[in-house]
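Colleague: Can you read through this structure? Questions will come right after.
The values are calculated or read from the model by the stated rules, or taken from the named source; none is laboratory data. Every value quoted in this text rests on a predicted model; they were computed, and no experiment measured them. For neighbour counting, all protein chains shown are included, and Cβ atoms are generated from backbone atoms with ideal geometry for every residue, glycine included.
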Amino acid sequence: MKDATGSDKAFWEEFWLHPDGKENREAASIKMVPLLERVCDFSSIGSVGDYGCGSAPTLFKLAAKYPKCQFHGYDISERVIEENRQTASDDSLSNLSFHVDQLPALRCTSSHDLVLSIATLHYVLDIEEAIATLFARVRPDGMMIFNYPNIQTRAWYLQSESMNSPQLQRRFTLVLEGKNLTSMRSIHMITGRRPKNFWTASGEKSKQGNICVFLRK
């Protein structure tokens, strides 16, 4: 769900055929579950939408734990969506569904009590349009949680030895070239809401270069 890469469907189909670093990403995603639970009351949430869900380890964990809540995952890759659908069926998770879609111009118009977008906006050129689109999917009194690239993210990436990898350079071209950076101020102007630090609210230390925030509608 993601330019150079963000709008390149073929890139993401190939990526999910041979997902580099899949185990590390899935471990990090699963660690998000208790953090989300500290900020969100899932017992009172009817619907969750995760945009750019990838292989959706967070959604699978949450769906199994909260059967009364409906979970929806969205991604640009038909390959990963079909695999997710099969896994959800195999695990008898009737409250978990998956849809092919792409930011910033989403086709699906469904709204949700909780909108998530983790490790996705880094790949979207029109990041401010994407944030506005996602916020429009949040129901009244709902919440949106997402991370995004800013000037600190770019500085961190430029200094990271891991960015010597050609694949990572291609994946993160937009951030490395500073083409899709945003800020707390811009998010406030787009949504009319002041973003709050998700890491702090969930009891975690703020993560260098990884800015994650939440907004209430």
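Colleague: Just give me the residues in the range 177-209 being of a type in the set (Ser, Thr, Tyr) and part of a loop (DSSP other than H, G, I, E, B), in sequence order. Full working, then the answer.
Modeller: Taking the range 177-209 first, the residues of a type in the set (Ser, Thr, Tyr) are 182-183, 186, 191, 200, 202, 206.
Matches in the range 177-209: Thr182, Ser183, Ser202, Ser206.
Colleague: With the requirement that a residue be surrounded by 15 or more Cβ atoms within 10 Å (Cβ to Cβ) and among the hydrophobic types (A, V, I, L, M, F, W, C), what does the range 185-217 give you?
Modeller: Ile187, Ile190, Phe198, Trp199, Ala201, Ile211, Cys212, Val213, Phe214, Leu215
Colleague: For the range 53-108, which residues satisfy the criterion of being touching a Cys at 6+ places or on another chain (Cβ under 9 Å), in a loop (DSSP other than H, G, I, E, B) and charged (D, E, K, R)?
Modeller: Of everything in the range 53-108, just one residue is touching a Cys at 6+ places or on another chain (Cβ under 9 Å), in a loop (DSSP other than H, G, I, E, B) and charged (D, E, K, R), namely Asp101.
Colleague: Which residues, taken from the range 52-76, are surrounded by fewer than 24 Cβ atoms within 10 Å (Cβ to Cβ), modelled with pLDDT of 95 or more and hydroxyl-bearing (Ser, Thr, Tyr)?
Modeller: Residue satisfying the conditions is Tyr66 alone.
Colleague: List every residue pair whose Cβ atoms lie under 9 Å apart, where the two residues are 6 or more positions apart in sequence or sit on different chains, the first residue falls within the range 147-159 and is more than 21 Å from Asp50 (Cα to Cα) and hydrophobic (A, V, I, L, M, F, W, C), and the second residue, located anywhere, is outside any helix (DSSP H, G or I) and at pLDDT 95 or above.
Modeller: The qualifying pairs are Ile151/Gly178; Ile151/Leu181; Ile151/Ser183.
Colleague: OK, next. Arg85 versus (1) surrounded by fewer than 17 Cβ atoms within 10 Å (Cβ to Cβ); (2) out of contact with any strand residue (DSSP E or B) (no Cβ under 6 Å at 6 or more places or on another chain): which is the lone unmet condition?
Modeller: Failed condition: (2).
Colleague: Could I ask something else about it? Are any residues in the range 170-184 within 26 Å of Lys31 (Cα to Cα) and surrounded by fewer than 17 Cβ atoms within 10 Å (Cβ to Cβ), and if so, which ones?
Modeller: Taking the range 170-184 first, the residues within 26 Å of Lys31 (Cα to Cα) are 171-172, 175, 181-184.
Hits for the range 170-184 are Ser183, Met184.
Here is a yes/no grid of residues against (1) aromatic (Phe, Trp, Tyr); (2) modelled with pLDDT of 95 or more; (3) surrounded by 18 or more Cβ atoms within 10 Å (Cβ to Cβ); (4) closer than 15 Å to Leu215 by Cα:
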{"residue": "Gln102", "(1), (2), (3), (4)": "no, no, yes, no"}
{"residue": "Cys108", "(1), (2), (3), (4)": "no, no, no, no"}
{"residue": "Leu116", "(1), (2), (3), (4)": "no, yes, yes, yes"}
{"residue": "Leu121", "(1), (2), (3), (4)": "no, yes, yes, no"}
{"residue": "Phe135", "(1), (2), (3), (4)": "yes, yes, yes, yes"}
{"residue": "Gly142", "(1), (2), (3), (4)": "no, yes, yes, yes"}
{"residue": "Phe146", "(1), (2), (3), (4)": "yes, yes, yes, yes"}
{"residue": "Arg154", "(1), (2), (3), (4)": "no, yes, yes, no"}
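Colleague: Of all residues in the range 34-51 being loosely packed, with under 14 Cβ neighbours inside 10 Å and touching a strand residue (DSSP E or B) at 6+ places or on another chain (Cβ under 9 Å), which is farthest from Ile118 (Cα to Cα)?
Modeller: Step one: filter the range 34-51 for residues loosely packed, with under 14 Cβ neighbours inside 10 Å, giving 34, 38, 41, 43-44, 46.
Adding the requirement that they be touching a strand residue (DSSP E or B) at 6+ places or on another chain (Cβ under 9 Å) leaves 44, 46.
Details: Ser44: 22, Gly46: 20 Å.
Going through the qualifying residues, I end up with Ser44.
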